[in-house]
């Protein structure tokens with residue numbers, strides 16, 4: 001029984017910041033970001049968009065583009081690290097919004113018997129969702145599952161992560177006899193508790209904040225006096241002495257995160273190899289990875305590729321290309337590998353296996369949980385654009401989430417894959433609207449007072465409730 005991806009849909013915000021604009025403002029050489037990392041533009045959500053609206057727009061697009069009957073859907077799993085609540089799953093916002101729009105065509109409560117849940121493990125949460133969806137469909141072959149990956153990648157202004165930001169959502173239908181990709185049963189996994197990237201609940205004492213507030217007003221207040229005033233206060237300043245906050249910007253260590261990524265992928269590949277006898281360099285026609293930036297895959301995989309060449313008996317081809325064997329000296333070996341990564345030999349592999357997935361990443365940026373699935377969509381749409389015959393091709397998937405975990409699996413392209421061409425991905429990305437740097441910074445600091453695209457269609461966020469026992473519940477609307 002084949003199980004896998006039967007349909008794909010996506011949503012990407014309509015505005016973006018050109019990377020060239022960011023490079024100029026931050027005094028970074030544009031070629032470093034464009035030629036070095038593969039970055040062209042950076043997508044970000046409007047002021048009235050969030051993980052729920054982007055995810056709901058992608059899911060509604062599934063029902064619009066496909067003959068998908070809500071009564072056949074048994075699960076809706078959301079992978080995200082941009083959740084809107086610590087208790088209420090963002091998936092329930094998505095389900096409710098989509099159900100309201102389907103009511104006229106499929107009846108009220110048409111998704112009422114769908115089990116919805118959020119899955120969070122940094123950027124690999126939606127891969128976890130996909131695995132669980134496949135297990136569900138295997139047990140209930142008459143049913144389908146919807147996977148949603150919806151995220152905003154936002155870093156501190158001026159940080160080394162700023163130029164990798166991105167946003168958007170991808171929605172997937174998992175079913176038996178899939179028309180696009182059938183997925184193998186075997187998965188290689190590697191997990192280790194790491195500190196490479198996380199979004200903590202930050203804590204501040206109210207007294208310390210009061211001292212800072214007084215200083216802004218030109219007054220001096222000791223921490224002891226502030227503690228005394230807070231102890232006597234009511235309302236906001238009273239009660240708990242601590243104030244806890246959450247922000248989208250993570251605590252991260254870029255080099256350490258890259259080390260964790262490489263380590264987990266290596267371990268997951270080894271685990272996968274104990275289940276499936278493959279050599280990725282020979283057996284994977286295309287490779288789809290989590291891409292924190294577009295060229296992450298090609299830069300990271302070069303050492304893996306060399307190992308694969310040794311394993312498949314083609315090492316002499318590499319030696320011939322380089323004119324010498326790999327040096328034993330560590331520093332010299334590093335330069336040798338760097339030179340190989342720039343060779344026509346390796347670039348041909350990149351062009352065939354990796355570049356198709358990079359195409360959308362370059363235009364959007366890091367989509368966190370949606371990155372790997374946008375890479376798949378990019379790969380398929382690239383092949384459709386170029387008229388390639390990829391039915392029967394094997395696609396290798398390598399997912400990663402900080403914290404940290406990697407999963408490796410593979411799939412086979414099925415006969416109906418060409419239907420993704422009607423999604424018109426690359427034309428849609430080209431028709432977005434660029435913004436200037438000042439507007440981007442105002443958005444980043446949450447100082448914009450109105451949406452950048454007020455006339456857009458789809459789901460949008462309208463505000464937070466203030467009624468008693470409903471405080472901060474999120475309200476949305478839909479514009480046709």
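The values are calculated or read from the model by the stated rules, or taken from the named source; none is laboratory data. Predicted model only: the values in this text are computed from it and were never measured. We place every Cβ from the backbone using ideal geometry, glycine too, and count neighbours over all the protein chains shown.
Inside the range 256-282, can you point out the residues that are outside any helix (DSSP H, G or I), more than 19 Å from residue 353 (Cα to Cα) and in contact with a helix residue (DSSP H, G or I) (Cβ under 8 Å, 6 or more places away or on another chain)? If the condition is that a residue be outside any helix (DSSP H, G or I), more than 19 Å from residue 353 (Cα to Cα) and in contact with a helix residue (DSSP H, G or I) (Cβ under 8 Å, 6 or more places away or on another chain), then no residue fits. Quick check on my filter: what residues within the range 366-393 are in contact with a helix residue (DSSP H, G or I) (Cβ under 6 Å, 6 or more places away or on another chain) and outside any helix (DSSP H, G or I)? Selection gives 366, 367, 390. Of the residues making up the range 292-325, those that are buried (at least 17 other Cβ atoms within 10 Å of the Cβ) and assigned to a loop (DSSP other than H, G, I, E, B) are 292, 293, 294, 295.
Does residue 156 meet the test of being more than 14 Å from the chain's Cα centre (by Cα), in a helix (DSSP H, G or I) and either at pLDDT 95 or above or in the same structural domain as residue 371 (by TED's automatic domain parsing) (or both)? It is false that residue 156 is more than 14 Å from the chain's Cα centre (by Cα), in a helix (DSSP H, G or I) and either at pLDDT 95 or above or in the same structural domain as residue 371 (by TED's automatic domain parsing) (or both). Would a scan of the range 329-341 turn up a residue that is in a loop (DSSP other than H, G, I, E, B) and farther than 30 Å from residue 41 by Cβ? Yes, some residue in the range 329-341 is in a loop (DSSP other than H, G, I, E, B) and farther than 30 Å from residue 41 by Cβ. For the range 465-472, the criterion of being buried (at least 17 other Cβ atoms within 10 Å of the Cβ) and modelled with pLDDT of 95 or more is satisfied by no residue at all. For the range 1-88, the strands (runs of 3 or more DSSP E) that sit wholly inside it and include 3 or more residues that are assigned by TED's automatic domain parsing to the domain that holds residue 148 and over 21 Å from residue 126 (Cβ atoms) are 15-18. Which members of the range 196-212 meet the condition of being assigned to a helix (DSSP H, G or I) and either at pLDDT below 95 or surrounded by 14 or more Cβ atoms within 10 Å (Cβ to Cβ) (or both)? Answer for the range 196-212, where residues must be assigned to a helix (DSSP H, G or I) and either at pLDDT below 95 or surrounded by 14 or more Cβ atoms within 10 Å (Cβ to Cβ) (or both): 206, 207, 208, 209, 210, 211. Taking the numbered list (1) assigned to a helix (DSSP H, G or I); (2) exposed (fewer than 13 other Cβ atoms within 10 Å of the Cβ); (3) without any contact (Cβ under 8 Å) to a residue 40 or more places away in the chain in turn, residue 239 passes all entries but (1).
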